[in-house]
1. Counting other Cβ atoms within 10 Å, which trypsin sites (Lys or Arg not before Pro) in the stretch 121-194 have at most 10 and lie in a DSSP loop?
2. Quote to one decimal, in nm, the extra length available between ASP58 and LYS173 on full extension: 0.36 nm per residue of separation minus the C-alpha distance between them.
3. If contacts are Cα pairs under 8 angstrom and at least 6 residues apart, what is the relative contact order of the stretch 39-96 in percent?
4. For the stretch 33-78, what number results from the quotient of the Cα radius of gyration and 2.2 N^0.38 Å?
5. For the stretch 88-176, how big is the tail of P(r) above 20 Å, as a whole percent of Cα pairs?
6. Rounded to two decimals, what ratio of Rg to Rh does the stretch 130-183 give with C-alpha atoms and a Kirkwood Rh?
7. What is the pair-distance distribution P(r) of the stretch 39-201, computed from all Cα-Cα distances in 10 Å bins starting at 0, with each bin given as a whole percent?
8. I want to check the label-to-label distance for VAL79 and ARG194. Put each point 7 Å from Cα in the C-beta direction and report it in nm to one decimal.
Amino acid sequence: MSRKNWIYIGFFTVLVVCFYFVLMALVPDLAKKRTPPISYVRPFSFTNQYGQSFTEKDVAGKVYVAEYFFTTCKSICPVMNNNMRKVFDEFREEKSFLIVSHSSTPEIDSVPVLQKYADSMGVNQANWIFLTGRKDSLYQTARISYAIDDPNNNVKDIKDDFLHTQFWALVDKNGDVRKIYDGLKPSEVSLMMRDIKKLLKE
């Protein structure tokens, strides 16, 4: 084989290798563009279990899971929060992660009630936040921002409206809802924990 042919082979080999590395660098970005966020978090203002204001600024730059529950629930809520406890235990030392539990019955779940409930869970409450506030604002946040309930469920009279959902929203550091999970299914809880680890590295 002539020297000229070897030069051509060497050139194309280098070209292929360069193309491979460029492609590998672009694939993650292309994948992100193909899977846009489900929703994004709009501004909100609620009250946590300490009686302090809690807004979208308090979750800025953090990965967090948003759920809805109520302290007097005897059906799905205990199961959900037992599953959520596993998530808490996995990420309890992670300062860039939060669990944000919103009350579906704020007329019952006052600040003292939420504080008592949080104490009963025995969790580090700096990482697991329990929120109450205006019912209409809480419900709108669930349906519009977190997309964990159908907006068409909204009834004309807020007094007659009731939100009872087992779905959780995983939010990234930019405030985008990346995925919805069924909090009653251990397989989805495990999947969510794997996804949380990925988001924390982004």
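1. LYS156
2. Result for the pair: 40.3 nm of gain on full extension.
3. 23
4. That ratio works out to 1.52.
5. Of all Cα-Cα distances in the stretch 88-176, 42 percent exceed 20 Å.
6. Value, to two decimals: 0.98.
7. 11, 44, 39, 6, 0
8. 2.3
Bear in mind these aren't lab numbers, they're just calculated from the coordinates by the rules spelled out. For clarity, every value in this text was computed on a predicted model and none was experimentally measured. Every residue, glycine among them, receives a Cβ derived from its backbone with ideal geometry; neighbour counts consider all protein chains shown.
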